[in-house]
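To keep things clear, I will list the structure first and then write my remarks on it.
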Amino acid sequence: MIPTLEWLPTGVNFLDQTKLPLEETYVLATDYKQVAAVIRDMIVRGAPAIGVSAAMGIAIGIDRSTATSLEALTEEVAVISRTLAETRPTAVNLFWGIDEIRNLYNGLAAKNTPIPEIKSAVVSKARRMYDEDIAACKQMGAHGAALLPKEGTVLTHCNAGALATCGYGTALGVIRAAIERGHKIDVFADETRPYLQGARLTAWELLHDNIPTTVLCDNMAGALMRQGRIQAVIVGADRIAANGDTANKIGTYTVAVLAKEHGIPFYVAAPLSTIDLATAHGDQIPIEQRAAIEVTHSNGKQMTPDGAAIQNPAFDVTPAKYITAIITEHGVLQAPYNQSIQRMAAAAKPELTAV
Ligand code: MRU
């Protein structure tokens, strides 16, 4: 399996995704500040992967702390949480990952648990979250595989694969599961300008697994849909609002509208940790704005004239009406999403619906 990230006795080891597909190198983060930098610099990226990375970041921060009192450690935990929370704004999994460890810490600290026991509990929890993420991806695959065509071409946008999770992937996990069940699927991977997650990462990891993959420029999908060459679309998500509106990589919305026009099913695959019940609808989702240089330059070469104004939103929101189904580890959600999401959250995580 592709080792996106890994807890080691020496720190958290990350496959450097900024170097793919040309170099397979690793970055070892030995403290929480380095984990925060790895997330901010997109050495690790993809919502579930950054959620678990953030959990490991706070766990490593607590584990390496030299605080001798719970009061001092609690102050450090606040600083560590803030540092990690400020790395990227859109994927709600980041905040979920921080909260999972911080809530555990707060509960143990309230009971005056000895510091060494707290350290071991938070590290175990972060490592468990890694295993649970892979298990959730496998479950999404099991629930979603039957939705994909028995034979045909599936379009995906960005990278929602093993590289965006702890392994197997969400959208690409569903594709993997369908192929494991005998479907004959070719993948069209949108290149995903400007950061090229599709061209660099999706193509790399699918070819690694011998899954036939064709890279498209982002403006080609419409023409191919019109020619009947795409049978389904499947993408991941960075944050799903309570009404089903879904933030994902910039360009997802365009693909969803095109799919609807051509009568092609458009699926979102994401774990429950990507659903944000505190966000009523998509307009409330914070969208990360990234540096202009990602648009002005390609491979170190300037592509636009000096003085051209630049837009670089990293994500867009696809309104729920374009989404045929949302595949989660607990099953497949259908419209009306405000009801199906509440029902599933209540059954899977009652404490979530209590907010
Ligand atoms: O900016 P990125 O590369 O972190 O954006 C990633 C995406 O938009 C993915 O599609 C999303 O996080 C789902 S990953 C399973």
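The values are calculated or read from the model by the stated rules, or taken from the named source; none is laboratory data. The shown structure was predicted, so the numbers you read here are calculated from the model rather than taken from an experiment. Reconstructed Cβ throughout: ideal geometry from the backbone, glycine too, with neighbour counts over all protein chains shown.
Of note:
- Breaking point among (1) out of contact with any strand residue (DSSP E or B) (no Cβ under 7 Å at 6 or more places or on another chain); (2) without any contact (Cβ under 8 Å) to a residue 40 or more places away in the chain, for Q334: (1)
- Within the stretch 1-27, residues that are over 16 Å from M56 (Cα atoms) have Cβ atoms under 6 Å from residues that are polar (S, T, N, Q) and modelled with pLDDT of 95 or more in these pairs: D16/T25; K19/T25; Y26/N13, counting only partners at least 6 apart in sequence or on another chain.
- Within the stretch 1-31, the set of residues being modelled with pLDDT of 95 or more, within 20 Å of A47 (Cβ to Cβ) and not in a strand (DSSP E or B) comprises T4, D16, Q17, T18, L20.
- For first residues located in the stretch 91-103 and under 19 Å from D316 (Cα atoms), partners that are within 10 Å of the ligand (Cβ to nearest atom) and among the acidic types (D, E) and lie 6+ apart or on another chain with Cβ distances below 7 Å form the pairs A91/D238.
- None of H262, H297 is more than 22 Å from the chain's Cα centre (by Cα) and either at positive phi or touching a residue at least 12 places away in the same chain (Cβ under 8 Å) (or both) except H262.
- For the stretch 128-142, the criterion of a residue being buried (at least 18 other Cβ atoms within 10 Å of the Cβ), in contact with a strand residue (DSSP E or B) (Cβ under 8 Å, 6 or more places away or on another chain) and under 20 Å from P265 (Cα atoms) is satisfied by at least one position.
- The single condition among (1) of a type in the set (S, T, N, Q); (2) within 16 Å of the ligand (Cβ to nearest atom); (3) in contact with a helix residue (DSSP H, G or I) (Cβ under 8 Å, 6 or more places away or on another chain); (4) not in a helix (DSSP H, G or I) that N248 does not satisfy is (3).
- A count restricted to the stretch 173-220 and to residues that are in a helix (DSSP H, G or I) and either within 26 Å of A291 (Cβ to Cβ) or not assigned by TED's automatic domain parsing to the domain that holds G161 (or both) stands at 9.
- In summary, V257 fulfils each of the numbered conditions (1) in contact with a Lys or Arg (Cβ under 8 Å, 6 or more places away or on another chain); (2) of a type in the set (A, V, I, L, M); (3) away from the ligand (no atom under 16 Å from the Cβ) with the single exception of condition (1).
- Yes/no for A47 being modelled with pLDDT of 95 or more, under 28 Å from A135 (Cβ atoms) and more than 13 Å from the ligand (Cβ to nearest atom): no
- The stretch 153-176: number of residues that are at negative phi and more than 9 Å from the ligand (Cβ to nearest atom): 8
- In the stretch 209-257, residue surrounded by the most Cβ atoms within 10 Å (Cβ to Cβ) [restricted to those that are under 17 Å from M140 (Cβ atoms) and among the acidic types (D, E)]: D238
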